[in-house]
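The values are calculated or read from the model by the stated rules, or taken from the named source; none is laboratory data. Computed from a predicted structure; not experimentally measured. Cβ placement follows ideal geometry from the backbone for every residue including glycine, while neighbour counts extend to all protein chains displayed.
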Amino acid sequence: MQVGLEHYLVVSALLFCLGLLGVITRRNLLVMYMSLELMLNAANLALVSFSRFNNNLNGQIMVFFIITVAAAEVSVGLALIVALYRKRQTAHVEDLTTMKL
Amino acid sequence: MALPDILFYVFAALTLLCGVLVIANPFSRNPVTSAMFLVLTIISMAGLFVLLHAFFLAAVQVLVYAGAVMVLFLFVIMLLDLKEEERRKIKKFSLIGGLVSVGAIVIIFLKVLVAAKPEANASAPTLEGETAALGKLLFTQYLLPFEVVSVLLLVAMLGVILLSKKDLK
């Protein structure tokens with residue numbers, strides 16, 4: 001069976017779901033952040049495969065921008081996590097209950 | 001089966017396997033292990049990009065993600081002392097909730113995929129994601145977003161410097 005668009009889309013969907021599962025189950029901020037990266041990458045894979053199978057380069061340009069924005073997002077997010085750790089000495093979402101009633 | 005098809009299955013299996021090991025490694029709960037498997041996931045995904053003839057994006061993926069972003073992650077993991085992570089257990093409630101919601105989303109995805117039948121109107125792909133074509137598009141049609149993104153990177157840099165100053169006042 002020839003590998004086509006749907007094969008890539010299945011891989012992308014499964015990877016997205018893995019990332020979502022990681023965000024929901026893991027309680028460590030850093031691992032949650034890595035799972036978010038996994039989800040972004042799954043979207044990138046879907047966009048590149050659409051671009052390839054529709055003979056249209058715009059999808060790849062989109063992925064290029066997503067990678068750039070993801071790099072900026074990671075740097076700001078990690079700086080926030082470091083600032084949080086300095087204040088609270090924890091990187092666990094369960095310990096951050098200030099807004100809980 | 002042709003060689004690209006075999007390579008697709010190899011890279012896809014590698015990507016998914018390493019993805020599983022990022023979120024739930026049975027041998028180690030250490031975030032460093034997760035980060036290392038995330039690097040492997042990203043590199044095998046670059047292999048998938050090469051199979052999709054997106055050569056420039058494969059290179060960018062390895063350089064930016066596996067290089068810059070993951071080094072940043074590892075720096076922060078080393079900076080925060082996360083020894084206690086290994087003692088914590090995954091809560092049963094969150095695991096069940098996560099599996100149920102993710103299973104629902106998997107079902108939705110597969111139903112959409114079956115309903116859309118992307119194979120039906122697909123022609124043989126002829127697109128080559130070569131760097132020259134991509135660069136030409138980037139500097140003509142997408143010039144404004146390109147400049148905006150460069151400003152965004154500058155803003156992110158300033159933000160990070162401000163956030164990581166010792167006395168945030």
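Here are the numbers for this structure:
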{"item": "Residues of the range B:15-45 that turn out to be under 17 Å from residue A:49 (Cβ atoms) and surrounded by fewer than 21 Cβ atoms within 10 Å (Cβ to Cβ), as a count", "result": "2"}
{"item": "Residue that is at the interface with chain A (Cβ under 10 Å from one of its Cβ atoms) and within 17 Å of residue A:32 (Cβ to Cβ), where the choices are B:24, B:2, B:58", "result": "B:24"}
{"item": "Top-ranked residue of the range B:34-54 - restricted to ones that are more than 10 Å from every other protein chain (Cβ to nearest Cβ) and more than 12 Å from the chain's Cα centre (by Cα), ranked as farthest from residue A:18 (Cα to Cα)", "result": "B:50"}
{"item": "Tally, over the range A:52-66, of residues that are part of a helix (DSSP H, G or I), facing another protein chain (nearest Cβ under 7 Å) and buried (at least 18 other Cβ atoms within 10 Å of the Cβ)", "result": "6"}
{"item": "Tally of residues being closer than 26 Å to residue A:67 by Cα, surrounded by 11 or more Cβ atoms within 10 Å (Cβ to Cβ) and modelled with pLDDT of 80 or more across the range B:112-146", "result": "13"}
{"item": "Looking only at the range B:11-46, and only at residues there that are touching an Asp or Glu at 6+ places or on another chain (Cβ under 7 Å) and within 19 Å of residue A:78 (Cβ to Cβ), the one that is modelled with the highest pLDDT", "result": "B:38"}
{"item": "Any hit, the range B:72-81, residues being touching a Ser or Thr at 6+ places or on another chain (Cβ under 7 Å) and part of a helix (DSSP H, G or I)", "result": "yes"}
{"item": "Residue within the range A:20-42 that is among the hydroxyl-bearing types (Ser, Thr, Tyr), within 7 Å of chain B (Cβ to nearest Cβ), touching a residue at least 12 places away in the same chain (Cβ under 8 Å) and in contact with a Gly (Cβ under 9 Å, 6 or more places away or on another chain) present", "result": "yes"}
{"item": "Flag if residue B:94 is in a helix (DSSP H, G or I), among the polar types (S, T, N, Q), at pLDDT below 90 and over 16 Å from residue B:11 (Cβ atoms)", "result": "yes"}
